[in-house]
Amino acid sequence: MLNRVTGVAGWLAVSVAGHGIMLHPVSRNALEGLTTPGGTMWFSQGCTIGCTHCNDTGTPVPAGFPKSGAPPSPNIGSFGRDLCPNDHSKSKVPTVVDPSLTTMNQEKTNWSRWHPWAAPGSTPGLDPCGLAGGARTNMSMRAGGFGPQTGYPQGFPGSKLPTVPKERRAVWNAGGVAEVSWVAAANHAGGYSYALCPASGPLTEACFESQPLQYANTTHQTLRYTFMTGPHSFSGNTTEVIIKAARTAEGTHPQGSTWTKNPIPVGTDETGWQWNGSPPQFPAPPGCDESCWGYQPCNVGFTHPSYEGWENTHATYPSCANGTNGVGCCHTTAYMEIVDQVVVPRVPPGDYVVRWRWDCEQSPQIWSGCGDISIV
């Protein structure tokens, strides 16, 4: 995402982070979906494969950031390197190498081979439900990790958020099928999975790893177009397109868990890095038109949404987008909700928490969200 403040646009073009949220079931992290202030700010920064944990060490930003600059810091972009070079406890060999599953296929030097999607689920996040701002200090603000925009302190653990009110919880039938979905507000490629944990106990990585959710439809999924037309308002156009799903249970963690490729490709710049220009990093699925693929929506909030919220709606493309082809700050005109159906496990009736986890390929980041459901 691009900040409109003069003087920091260049920094954001290099260091800005992707942002995503779980929409269904309702997430503790983003109760109001896309319009939740700071709702896309729950993630883990500094994550590469083969690490016991993510590395969020770094230099805090100075007062006045982002309107003032900040010196470089380790583990922000950190593109193309191992962020735990002294940790040899796990394999650092990528397990997702099939071009039908990789999502940064235009890059030139294979620098994304260290990032979480290279071995899905193998590196635990800093909190299973994400941290406010992605790190325990404000060092991650360089990567768009503005923790205070969530209403909680920088580094607040998402697993400690208040539960979703009972009246807003989905009710799932044991042995049945339920809808889950998420959306990327700034796309950093990779793939995702869902898992379950009883609400009666601690929300830990081990708990979620013990109950990965399986997909009811192993071959297809749905894209749902979502157009924001103003503050807290949406277009009636919610076109749905059924597409083939690229899923894998090989080389994933925990063993046997099924992960799904993010079907929305980002664009490419002249170096092969993600942005909004053509060609997309991989062929867009049929039905994913010019309003679908790209880095971020182009008709809403041409400030830095993670910092200033989603309230600045514009009727025309900003100059940085260079028109509808948008090789600059934005490309697409729609938020693409990625919808799947999962099998509800036959577990004892009660309250549970669903965790969505997005392992990025373009960046050393893991995005997470947790939502409450009841199983009957």
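The values are calculated or read from the model by the stated rules, or taken from the named source; none is laboratory data. Given the structure is predicted, the values throughout are model-derived calculations rather than measurements. Heads up, the Cβs are rebuilt from the backbone with ideal geometry, glycines too, and the neighbour counts pull from every protein chain shown. Heavy atoms of the whole protein, side chains included, go into the accessibility calculation; ligands, DNA and RNA do not. Shrake-Rupley method; radii C 1.70, N 1.55, O 1.52, S 1.80 Å.
Miscellaneous remarks
- Residue satisfying all of: in the range 31-61; at pLDDT below 95 and not in a loop (DSSP other than H, G, I, E, B); farthest from the chain's Cα centre (by Cα) among these: THR35
- Residues satisfying the stated conditions in the range 208-222, i.e. over 20 Å from ASP359 (Cβ atoms) and either small (Gly, Ala, Ser) or surrounded by 15 or more Cβ atoms within 10 Å (Cβ to Cβ) (or both): ALA216, ASN217, THR222
Yes or no, residue by residue, for (1) closer than 22 Å to SER27 by Cα; (2) touching a Cys at 6+ places or on another chain (Cβ under 9 Å); (3) among the aliphatic types (A, V, I, L, M):
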{"residue": "ALA189", "(1), (2), (3)": "yes, yes, yes"}
{"residue": "TYR192", "(1), (2), (3)": "yes, no, no"}
{"residue": "ALA195", "(1), (2), (3)": "yes, yes, yes"}
{"residue": "THR222", "(1), (2), (3)": "yes, no, no"}
{"residue": "THR238", "(1), (2), (3)": "yes, no, no"}
{"residue": "GLY251", "(1), (2), (3)": "no, no, no"}
{"residue": "SER278", "(1), (2), (3)": "no, no, no"}
{"residue": "PRO286", "(1), (2), (3)": "no, no, no"}
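- Residue under evaluation HIS115, criteria (1) closer than 23 Å to GLY145 by Cβ; (2) without any contact (Cβ under 8 Å) to a residue 24 or more places away in the chain; (3) not acidic (Asp, Glu), criterion not met: (2)
- Residues (open to solvent by less than 60 Å² (accessible area, probe 1.4 Å) and free of Cβ contacts under 8 Å to residues at least 24 places away in the same chain) located in the range 246-261: ALA249
- Any hit, the range 198-205, residues being modelled with pLDDT of 95 or more and under 30 Å from PHE65 (Cα atoms): no
- Qualifying positions in the range 179-207 - assigned to a loop (DSSP other than H, G, I, E, B), in contact (Cβ under 8 Å) with a residue 60 or more places away in the chain and surrounded by fewer than 21 Cβ atoms within 10 Å (Cβ to Cβ): ALA199, SER200, THR204
- In the range 227-245, residue modelled with the lowest pLDDT [restricted to those that are open to solvent by 80 Å² or more (accessible area, probe 1.4 Å), farther than 19 Å from CYS288 by Cβ and assigned to a strand (DSSP E or B)]: THR229
- From GLY145, GLY125, GLY134, residue being assigned to a loop (DSSP other than H, G, I, E, B), open to solvent by less than 10 Å² (accessible area, probe 1.4 Å) and out of contact with any helix residue (DSSP H, G or I) (no Cβ under 7 Å at 6 or more places or on another chain): GLY145
- None of HIS331, HIS304, HIS314 is in contact with a strand residue (DSSP E or B) (Cβ under 7 Å, 6 or more places away or on another chain) and at pLDDT below 70 except HIS331.
- Taken together, the criteria exclude SER91 from residues that are farther than 26 Å from PHE156 by Cβ and not in a loop (DSSP other than H, G, I, E, B).
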